[in-house]
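Peer 1: Handing you this structure, nothing more for now.
The values are calculated or read from the model by the stated rules, or taken from the named source; none is laboratory data. What you see is a predicted model; the values in this text were computed from it and never measured. Note that we place each Cβ from the backbone using ideal geometry, even for glycine, and neighbour counts take in every protein chain shown. Accessible surface areas use protein heavy atoms only, side chains included; no ligands, DNA or RNA. Shrake-Rupley method; radii C 1.70, N 1.55, O 1.52, S 1.80 Å.
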Amino acid sequence: MKTREETSRLIRYGMTIDVDKCTGCSNCAVACHMENNVPCRTDETDKSRNIAWMRIYKVTNGAEYPLTRIVYFPRPCMQCDHHTPCVSVCPASATNYDELTGVVDQINTRCIGCRYCMAACPYMVRCFNWWDPVWVGDTGKQLNPDVAPRMRGVVEKCTFCSHRYSKAKNKAHNDGRGYLKEDEYVPACVEACPMGAMRFGDLNNPEHEVSRLIKSPRAFRLLEKLHTEPKVYYLSSSRWIRDMADNYV
Amino acid sequence: MESGVKKLKKGEREFAITAGVFFVGLIIFLLAGWTVLPRLSYAEKVQPVEFRHAFHGEDVGITCDTCHFFYKDGSWAGIPKMEICVDCHVYLLGQSPEEKKFVHEYVLKNRHVKWGLYFRQPECVSFSHSSHVRMAKVACETCHGPQGLSKKPTEYRTNRITKYSFVVYGAEAPSNNYGGLKKEKSVWGTIRMDECADCHRSRGKSTACFLCHK
């Protein structure tokens, strides 16, 4: 076991999403699809079989008009910090928790497709490739060369755009720096948000904005009662939204 | 016939024949496995132009980073493009027939040389040169082998299935284990995951998957 002091010195990349600012425009989801070569089919109506690393959940307070309130929860991988459920069940070590950055990654070439992790994940983050990806027409030309496309029979998930981390580190190392500045490594979804609702950075670094935001009384996480310590925090001033997050979503 | 070879019973004779056939077959297949199979599984290839690292480095005195350099964002230039070669080889500089071929066949005809790439990684791998060379100060030779010593045209062997390759040098270059070659040659294997992981472990570096896999 690590002491609290040791843990706090490590880099822990995390995200804050201000759901009061989020309009549910889905820009983050589109950017994620584009960035990570996420395959899509011509018919995406079957949501149990489609693949999305970033899903937008629409939640209402259930009240009658004019008291109805709607909130959108963009949901990337929560990057659980404690007893990461998917990592602890994977029989092939295809997913692991990186001690240095706190990123939970997925090695698709090692995945055997047992989908145990999908059953274990409390946030339904993981998606299974039921078919080989098909890039219709010119869509193949927009593929990101930094991310390898997956084949059928493997599970995939949000990696906090770990290839962007590699790229940022590449540049930093070239400049002779062993650390990254706050804005150097940002996932595609955060970059794409037109409302500025999402922030990204090192939760343990007091100079990063996110480390201040997660201490605010507006901050909460989804299903905190499971104690998986997700590193994606949501922010809201509304009490009913904060209360709802711990029950379902 | 009491003093001669003991007469075998029918069952014993059958057993002896079966065992004999088995061992002869075993030896034949072992020999085939040692000599024929490596040749079958590896395709021998040579570079289209006889480029000599040792000549450019030692005799002409060019430093490595003239042709192999970093871009400003930290990405690696890799195999030099034709423009870099043409910076010097606009016209014939020497007497070598290979240079003549290079200038006449490629430079003047504005064609690119299809260099054999024997250090290519699969598409699920991303490798950062700047992390290894600039930060960790790993020498090029650690992974790439004695490229600078290639006095002869570099030949290489590509595994027909995995596409991983071995570079074949003359005897003057050190070797990193691979059998089935003549004594006057030595080889340097390309970078496989085991080798990467071993080095990371021995230096106490992270072996997290996403560091190299994408």
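Peer 1: Of B:197, B:139, B:19, which has the largest mean-square fluctuation in a 10 Å C-alpha GNM of chain B?
Peer 2: B:19
Peer 1: Give me the percent of the accessible area of the protein assembly as shown that comes from carbon and sulfur atoms, probe 1.4 Å, all protein chains in place. Could you put the intermediate results ahead of the total?
Peer 2: Values: 16090 of 27590 Å².
The C+S portion of the solvent-accessible surface of the protein assembly as shown is 58 percent.
Peer 1: While we're looking at this one, here's another question. GluC sites (Glu not before Pro), restricted to segment A:175-249: which are DSSP loop and have at most 10 other Cβ atoms within 10 Å?
Peer 2: Of the GluC sites (Glu not before Pro), the ones in loops of segment A:175-249 whose Cβ has at most 10 other Cβ atoms within 10 Å are A:207.
Peer 1: Considering segment A:178-249, what Rg and Dmax in Å follow from its alpha-carbon atoms?
Peer 2: Answer for segment A:178-249, Rg first and Dmax second: 13.4, 43 Å.
Peer 1: In chain A, what cysteines have no partner Cβ closer than 4.7 Å?
Peer 2: A:22, A:25, A:32, A:40, A:80, A:90, A:111, A:114, A:121, A:127, A:161, A:193
Peer 1: Lysines near residue B:72 by alpha-carbon distance under 30 Å, same-chain residues fewer than 8 away left out - which ones?
Peer 2: Qualifying lysines at Cα under 30 Å: A:141, A:167, A:169, A:171, A:181, B:81, B:114, B:137, B:205, B:214.
Peer 1: Give the distance, in whole Å, between the Cα centre of segment B:102-151 and the Cα centre of segment A:123-170.
Peer 2: 27
Peer 1: Shifting gears a bit: Using a basic spin-label model with each label point 7 Å from the Cα along Cα→Cβ, how many nm lie between residue B:198 and residue B:104?
Peer 2: 4.6
Peer 1: So if I average 1/r over every pair of distinct C-alpha atoms in segment B:50-115 and take the inverse, what Kirkwood radius in Å does that give?
Peer 2: Answer for segment B:50-115: a Kirkwood hydrodynamic radius of 12.9 Å.
Peer 1: Further, regarding this structure: With no solvent and one equal point scatterer per Cα, compute the Debye intensity ratio I(q)/I(0) for segment A:4-245 at 0.10, 0.13, 0.14 Å⁻¹ and report its log10, rounded to two decimals.
Peer 2: For segment A:4-245, the Cα-only Debye profile gives -0.49, -0.84, -0.98.
Peer 1: Something else: Give, as a single signed number, the net charge of other residues whose beta carbon lies under 12 Å from the beta carbon of residue A:87, with Lys and Arg counted +1 and Asp and Glu -1.
Peer 2: So the surrounding residues net to -2.
Peer 1: Where in segment B:105-132 does the amide nitrogen come within less than 12 Å of the point 7 Å from the Cα of residue B:86, taken along Cα to Cβ?
Peer 2: B:106-113
Peer 1: In chain A, what percentage of the DSSP-assigned beta bridges are antiparallel, given to the nearest 5? Let's see the in-between values first.
Peer 2: Details: 18 of 22 bridges.
In chain A, DSSP labels about 80 percent of beta bridges as antiparallel.
Peer 1: How high is the relative contact order of chain A? Use alpha-carbon pairs under 8 Å, at least six apart in sequence, and give a whole percent.
Peer 2: Relative contact order for chain A comes out at 28 percent.
Peer 1: Tell me whether segment A:3-135 comes out rounded, prolate or oblate; compute the Cα gyration tensor, take square roots of the eigenvalues as a ≥ b ≥ c, and use a/c under 1.5 as the rounded threshold.
Peer 2: On the way: a/c = 1.95, a/b = 1.18, b/c = 1.65.
It comes out oblate by the Cα gyration axes.
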